Structures are given as C-alpha cells and as structure tokens.
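First up is the structure itself, then whatever we jot down about it.
Please treat every number below as a calculation from the coordinates, not as lab data. Values in this document were obtained by computation on a predicted structure and should not be read as measured data. Glycine also receives a Cβ, built like all others from the backbone with ideal geometry; neighbour counts cover every protein chain displayed.
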Amino acid sequence: MTVKTILAAKGGNVISVEPTADLASAAKLLSTHGIGVLVVLDAGGHLVGILSERDIVRTIADTGSAGLQRPVAQVMTCNVSTCDVDDSIGSVVDGMTKGKFRHMPVLDKGRLAGLVSIGDVLKWHIETLREQIHQLDVSIAEFELMRL
C-alpha cells in the first residue's frame, strides 16, 4: 500500500503558513485548527520548512513570550523529510521512526499533495488489521459450515 491510500481517505488539505509570519499567528493557526504542525510554504507555494508545537514551546522556553514575535523562518525545521504519494506506508513509518518526527509532507511530482501523521498511519494500520480479522472470521465460519 502507498501513501496515496491514506491521502485518498483523509484528503490533501494542509494548513500552511508563510516563513515571514510571526510565531504568535502560527500558534493561533495551530490552536484554531486543532493540529500539531504547520507546513511552511513560500510565496510560490514551495515547501521551505515545517513548524511544530514543540518548536514554538522550545522558543518560548529559551526566549520567553518575546519569542512569539519571531518570524517562523527563524524557528522552523528547514531540512524537512518528505515522501512521495507512491512511497510505501512502511517506508514512511520507517522514516518517521528513524527521524523521530510525527508528521511528513507528501509530494506529488515535487508539489505538496498532503501531510501524513503517525496517527494517520496507525489508523490505516488498525483498519487493515480489522479487515484481516474480519476476513479470517468469515473463513473460519465457512470452514465450520463445510465440516457440518
């Protein structure tokens, strides 16, 4: 299965922010949308970074509330790990585990197509396991009927 499977279920809507926005407005976006990360896009819509709640908390811990006036570009992660819509879900999980992060932007031909989180991957995995269990239950029931 590929990342495209997850995006087909959840959609490709991504909440983004410009690198020039201040952290206070970024924090407001996170709170308003109930999310933990913002994708940072330049004026041309190209991915230039990612900003997490942890990045904001770390900045406030280091600089106090004055840090909320800093531009996103000073705090965001610039070296963002991404995946392609055709990458396997397993490879995305491996990348998240090795990199110790929970969100990965998804690209399609170099353009942002969506965002997957570890929660999205776990939800897909649980649904897959439930379907497999259901299929096993059906097979067992059919086998038992054949034995009668």
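Side notes on the structure shown:
- Here the range 93-148 is treated with +1 on each Lys and Arg Cβ and -1 on each Asp and Glu Cβ, and its dipole about the Cα centre works out to around 480 debye.
- Under the membrane-span-like helix rule (DSSP H runs whose alpha carbons stretch at least 18 Å along the helix axis, mean Kyte-Doolittle hydropathy -1.0 or higher), the chain yields 118-147.
- Counting only residues at least eight positions apart within a chain, or on another chain, the lysines with an alpha carbon under 29 Å from that of Lys4 are Lys98, Lys100, Lys109, Lys123.
- Under a Gaussian network description of the chain, with springs only between Cα atoms under 10 Å, the residue in Leu47, Leu30, Leu136 that fluctuates furthest is Leu136.
- Of Val116, Val17, Val138, the residue with the greatest mean-square motion in the GNM of the chain, using alpha carbon springs below 10 Å, is Val138.
- Taking Cβ atoms as reference points and 12 Å as the exclusive limit, the residues near Thr82 contribute a net charge of -2, counting Lys and Arg as +1 and Asp and Glu as -1.
- Charged side chains reduced to their Cβ positions (Lys and Arg at +1, Asp and Glu at -1) give the range 1-68 a dipole of some 320 debye around its Cα centre.
- Longest site-free stretch - the chain; sites: trypsin sites (Lys or Arg not before Pro), DSSP loop, at most 12 other Cβ within 10 Å: 1-99
- The range 1-65: C-alpha pair distances exceeding 14 Å, %: 62 percent
- For the range 32-58 versus the range 103-123, the gap between their alpha-carbon centres in whole angstrom: 13 Å
- Antiparallel content of DSSP bridges confined to the chain, in %, to 5: 80 percent
- Unit charges at the beta carbon, dipole of the chain: most positive-side option, Ile60, Thr97, Leu41: Ile60
- Secondary structure note: in the range 56-119, about 75% of the DSSP beta bridges are antiparallel.
- About its Cα centre, the dipole of the chain is roughly 320 debye, where the only charges are +1 on Lys and Arg Cβ and -1 on Asp and Glu Cβ.
- Positive-pole candidate from Leu107, Gln132, Ile118, dipole of the range 99-140, charges at beta carbon: Leu107
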